[in-house]
Ligand SMILES: Nc1ncnc2c1ncn2[C@@H]1O[C@H](COP(=O)(O)OP(=O)(O)OP(=O)(O)O)[C@@H](O)[C@H]1O
Ligand SMILES: [Mg+2]
């Protein structure tokens with residue numbers, strides 16, 4: 001793989017092998033719709049190290065997928081527009097690259113898997129053909145070699161009888177197996193960064209756990225950076241190193257996974273944690289966060305979470321939104337009252 005990476009490095013000017021595989025800085029995305037401007041991503045920043053899993057967590061509609069689409073360069077434009085920020089792959093700002101260069105990054109260095117494998121795979125070609133095409137197109141392999149690599153990949157993602165299954169069409173696989181095929185497609189060209197957008201929500205709980213374990217194993221073996229997008233705090237606990245919690249298009253808390261679980265510093269994070277079902281509290285009511293997230297065409301002034309927040313005071317209802325306060329050297333939270341929320345350790 002190392003020679004492969006070196007070849008890839010040469011192909012893209014300005015790449016600094018010592019820079020982080022992915023850095024998102026102050027990203028802004030808006031959708032210009034008939035009902036107004038939806039401010040979907042409002043200054044999101046995060047870093048990703050090699051081999052690290054960064055979870056991006058938040059309720060439906062908070063801008064998680066839009067962030068991923070902006071990174072991958074697959075935003076629906078129009079109506080979506082990136083209006084500010086930087087997306088750096090090893091120091092190179094992808095937003096400044098011409099589309100042809102950007103496509104190289106997308107195929108080779110930063111890959112993505114989606115929630116719904118069936119719609120991401122092409123129904124009219126066998127999975128073997130779709131995998132082999134990647135090797136033929138990007139690696140110039142012969143038909144025969146490419147097919148052999150396709151079988152290896154299906155083996156890698158633990159699809160039983162890979163040699164036979166390589167000739168099957170996507171609809172002939174179960175949901176979990178299809179998700180494995182998509183992981184195989186994403187890993188085919190040895191990306192350094194994998195973005196997984198809700199990769200297991202369409203699956204039942206046991207299969208979910210198997211897929212997450214597979215992802216974690218492959219990530220370790222390849223020292224790949226993983227951005228795991230999810231609304232499920234339970235999934236995050238097992239696999240993530242760091243968490244960015246999003247609310248209404250902003251990161252409102254950023255910390256190591258243990259810090260967040262032991263001591264959330266933002267009321268929204270605290271609410272999310274309290275809404276995880278716990279066996280030891282069986283019979284108790286789940287305390288879900290009251291109310292709904294705001295419309296992104298009409299985000300309230302001040303802290304976007306204030307209408308749902310038990311800690312809110314006047315200062316929270318006025319612009320500007322709270323900045324990301326430094327809670328400790330390695331964590332931040334965008335709440336004026338983070339000390340009260342976090343309590344004593
Ligand atoms: N194609 C689009 N056209 C118009 N607005 C859009 C479009 N895609 C996204 N948006 C806006 O961006 C917001 C964030 O969407 P996004 O898909 O990022 O949410 P999410 O956090 O991934 O939610 P979920 O957990 O449901 O997947 C949406 O609520 C919507 O206002
Ligand atoms: Mg989404």
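Every number in this text was worked out from the coordinates using simple rules, so none of it is lab data. Because the structure is predicted, anything quoted here is derived from the model rather than measured.
Mind checking which of 225, 256, 36 has the largest fluctuation in a GNM of the chain, springs on alpha carbons under 10 Å? Of 225, 256, 36, the most mobile in the Gaussian network model is 36.
Separation of the stretch 292-323 and the stretch 28-107, taken as the distance between their Cα centroids, equals 24 angstrom. For the chain, set up a Gaussian network in which alpha carbons nearer than 10 Å are linked by springs, and say which option among 79, 170, 322 fluctuates the most. For the chain, modelled as a Gaussian network with Cα springs under 10 Å, the answer is 79. Dimensions of the stretch 46-137 from C-alpha coordinates, computed as largest minus smallest value along each principal axis and given longest first, are 39, 34, 31 Å. Ratio of Rg to Rh for the stretch 149-308: 1.04 [Cα atoms; Kirkwood radius as inverse mean 1/r over pairs]. Using every pair of distinct Cα positions in the stretch 222-345, the Kirkwood expression returns a hydrodynamic radius of 15.4 angstrom. What residue among 124, 235, 29 has the largest mean-square fluctuation in a Gaussian network model of the chain, using Cα springs under 10 Å? Maximum fluctuation in the GNM of the chain, among the listed residues, is at 124. Using only alpha-carbon positions in the stretch 55-206, the gyration tensor eigenvalues give semi-axes of 28, 20, 12 Å once each is multiplied by 5 and square-rooted (largest first).
When all alpha carbon pairs of the stretch 185-237 are counted in 10 Å bins from zero, the resulting P(r) reads 23, 58, 19, 0 %. Where both bridge residues fall in the chain, DSSP classifies roughly 60% of the beta bridges as antiparallel. With Cα atoms as the point set, the radius of gyration and Dmax of the stretch 159-247 evaluate to 13.7, 45 Å. Computed from Cα atoms, the angle from the helix 99-108 axis to the main principal axis of the chain rounds to 80 degrees. Binning all Cα-Cα separations of the chain at 20 Å, short to long from zero, yields these whole-percent fractions: 29, 56, 15, 0.
What is the ratio of the Cα radius of gyration of the stretch 49-94 to 2.2 N^0.38 Å, where N is its residue count, to two decimals? Mind dumping the intermediate values first?
Working: Rg = 12.2 Å, N = 46, 2.2 N^0.38 = 9.4 Å.
Compactness ratio reported: 1.29.
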